[in-house]
Amino acid sequence: MYMQDWDIEFSHLDAGYGARRVLRDVSAILPAGKISVILGESGSGKSTLLRHVTGLSRPLGGMVRIGGRDIFALPPAEFRRLRRQTGVLFQDGALLGALNLAQNVALPLSEHLALPEHLLREAALRVLAMVGLEAFADYYPNQLSGGMRKRAGLARAIVAEPRILLCDEPTSGLDPVTAARMDELLLSMHARYPEMTLVVVSHDLAGFRILAEHVLVIRDGGLIFAGTPKSLLDSRDAYLRQFLERRSGDAGQTPHRPMNHRVHAELVKWLTS
Ligand SMILES: Nc1ncnc2c1ncn2[C@@H]1O[C@H](COP(=O)(O)OP(=O)(O)OP(=O)(O)O)[C@@H](O)[C@H]1O
Ligand SMILES: [Mg+2]
């Protein structure tokens, strides 16, 4: 399959888990060669949407098209080819604890290509250098910080030079400086591979301002905004304003129940003992 146009298109997509519907009637385009950012509250369905681009989950209704073709109607060989062209940085990095960084990063190649060990390592070192981790090639994931694991996850996602790169919360859990570095890294990836379609899921508004060329906002499983960052920032919609200004909307309505008096008494005893 040769795809000239790698636009990702959701057409009346319904998605969920078993009988549980998480996304409803989502129609939108993530343009090829651009950085799209998907924003939304926790639990709104962002990761679920990405799972449908990777082909990990099948829609309950509607379609996901890439290059104009329904990816779930592709012949199996073409579907596999498409998946090879898709790199994913998972929300938790998803590195394997039993493998060192070089082996983790080389996985997308070592699983499928018949290459000698030294070439796999060379390929891994090449992308580890791009994310500033070449010196840590022989470290195991549990010997690294959260930010380093995310960068290693990014190296693994790009080792096969995919046409589509999906990043689920690349900056969550990172301090602001490390988060900004991660955003810069994604921008430099984009400069190096200008044809790559980048999709970044985030609730980091700082990152959205730096990265986004196109934005989707999901609320409770429905698409409520698609457009340029500028038009989002200019929007007068009350919810979007609240989201952008980081107000919680229902603060003050958090239900408050007093602690059971026996639990409280025991707690005080323990804390003051
Ligand atoms: N494997 C699963 N099985 C059943 N329900 C799931 C599964 N994964 C997610 N969900 C449900 O789908 C809804 C959306 O989850 P999703 O992970 O897509 O949200 P999200 O927008 O990525 O949130 P976050 O910002 O916290 O990562 C949630 O209500 C969640 O409980
Ligand atoms: Mg998520």
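See the values below:
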| item | result |
| --- | --- |
| Lysines whose Cα lies under 17 Å from that of K34, excluding same-chain neighbours fewer than 8 positions away | K230 |
| Overall Cα dimensions of the range 198-245, principal axis frame, Å, largest first | 26, 22, 17 |
| Intensity falloff of the chain expressed as log10 I(q)/I(0), Debye formula with alpha-carbon point scatterers, at q = 0.15, 0.16 Å⁻¹ | -1.13, -1.24 |
| Cα-based shape type of the range 116-273, given that a ≥ b ≥ c are square roots of the gyration tensor eigenvalues and the cut on a/c is 1.5 | oblate |
| Mean residue ellipticity (222 nm) of the chain, computed from DSSP H runs ≥ 4 via -39,500 (n - 2.57), nearest 500 | -11000 deg cm²/dmol |
| Positive-end residue, the chain charge dipole about Cα centroid, Cβ charges, pick of G146, L60, L244 | L60 |
| Calculated P(r) tail over 21 Å for the range 141-210, as whole % of Cα pairs | 20 |
| Net dipole in debye of the chain [+1 Lys, Arg Cβ; -1 Asp, Glu Cβ; about Cα centre; nearest 20] | 480 |
| Whole-number percent relative contact order across the chain, with pairs defined as alpha carbons under 8 Å at least 6 apart | 24 |
| Relative contact order computed over the range 94-161 (Cα-Cα under 8 Å; 6+ residues apart), in percent | 48 |
| Stokes-Einstein D (µm²/s) once Rh is taken as the Kirkwood radius of the range 34-123 over alpha-carbon pairs, at 37 °C in 0.692 mPa s | 210 |
| Per-selection metrics, the range 1-73 (Cα): Rg and Dmax in Å | 12.1, 36 |
| Two-decimal Rg to Rh for the range 94-161 - Kirkwood Rh, Cα set | 0.92 |
| Separation of alpha-carbon centers, the range 77-123 and the range 151-186, rounded to whole Å | 15 |
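Taken together, the values in this text are just the output of simple stated rules run on the coordinates, not laboratory data. Fair warning: this is a prediction, and the values are worked out from it, not measured in the lab. We place every Cβ from the backbone using ideal geometry, glycine too, and count neighbours over all the protein chains shown.
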